[in-house]
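Here is the structure we will look at.
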Amino acid sequence: MKVLIDNGHGSDTAGKRSPDGRLREYAYVREIAERVEKELHRRGVDAERIVKEMWDVSLAERCRRVNRHPAGSTILVSIHCNAAGHGQWMNARGWSGWVYRQCSERAKRLAGCLYDATKAQGLQVRTPSRSQKYWTAGFYILKHTVCPAVLTENFFQDNREDVAFLLSEAGKAAVVRLHVEGIMKYIESL
Ligand SMILES: [Zn+2]
């Protein structure tokens with residue numbers, strides 16, 4: 001199994017930061033993605049980040065990099081931080097997982113594993129309903145990649161409590177762990 005990790009956005013992406021500027025999504029999710037990759041390697045998993053550049057690599061190019069790998073033995077996790085507004089502090093909080101509307105059963109299973117790993121740490125999750133573990137959407141990277149793919153929105157970059165959590169070492173470790181544990185759970189389920 002090849003595990004591909006996408007870290008959203010680049011240093012030249014407009015917006016995508018906390019209102020106080022302390023959290024910049026591109027830098028934050030790169031740090032998380034690097035730590036997830038390293039921890040997966042430590043556990044013997046073939047993991048690779050698809051965007052090593054610091055600038056914003058186009059979604060079409062990201063999808064090309066993913067689709068070079070055989071879909072049957074590859075998974076993709078795209079790591080982001082959510083936002084509820086446009087530059088002000090907002091109230092929405094929590095973690096959520098997203099799959100493409102017409103995705104495979106394997107993508108749904110991967111999203112379920114990531115949700116379970118998040119819940120297992122006692123972290124706040126956001127779901128469309130009590131019975132659903134993930135949201136569906138038409139996000140480009142989910143729609144245009146062939147392998148099972150999940151996009152994670154790791155708490156809100158425009159919520160004060162979430163930003164304080166995200167920037168703490170405990171918060172970073174929790175976000176890394178939920179990805180590693182979720183991915184390991186999925187691999188073990190095959
Ligand atoms: Zn994002």
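The values are calculated or read from the model by the stated rules, or taken from the named source; none is laboratory data. This one's a predicted model, so the numbers in the text were calculated from it and none came from an experiment. Neighbour counts are summed over all protein chains in view; Cβ atoms, including those assigned to glycine, are modelled from backbone coordinates with ideal geometry. Keep in mind that these areas ignore ligands, DNA and RNA; they rest on the heavy atoms of the full protein, side chains included. Shrake-Rupley method; radii C 1.70, N 1.55, O 1.52, S 1.80 Å.
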Can you give the FRET efficiency to the nearest 0.05 for Val45 and Lys143, using r as the Cβ-Cβ distance and R₀ = 45 Å? 0.95
When only the heavy atoms of the protein chains count and the probe is 1.4 Å, how do Phe165, Phe156 rank by accessible area, highest first? Phe165, Phe156
How many percent of the accessible area of the chain is carbon or sulfur, using a 1.4 Å probe? 48 percent
Treating only Lys and Arg (+1) and Asp and Glu (-1) as charged, each at its beta carbon, one finds that the chain has a dipole about its Cα centre, in Debye to the nearest 20, of 420 debye
What is the chain by shape, rounded, prolate or oblate, if you read a ≥ b ≥ c off the alpha carbon gyration tensor as root eigenvalues and call it rounded for a/c under 1.5, prolate for a/b larger than b/c, and oblate otherwise? rounded
Among Glu53, Glu31, Glu39, which one shows the highest mean-square fluctuation when the chain is modelled as a Gaussian network with alpha-carbon springs under 10 Å? Glu53
Please give me the summed charge of the neighbours of Ala92: other residues whose Cβ is under 15 Å from its Cβ, Lys and Arg +1, Asp and Glu -1. -1
Theoretical ellipticity at 222 nm over the chain - DSSP helices of four or more residues, -39500 (n - 2.57) apiece, nearest 500: -12500 deg cm²/dmol
Counting only heavy atoms of protein chains, what accessible area per residue, in Å², does the chain have with a probe of 1.4 Å? 46 Å²
Counting Lys and Arg as +1 and Asp and Glu as -1 over every other residue whose Cβ sits under 10 Å from the Cβ of Val175, the net charge comes to +2
For the chain, compute the number of Lys pairs whose alpha carbons are separated by less than 21 Å, excluding pairs fewer than 8 positions apart on the same chain. 21
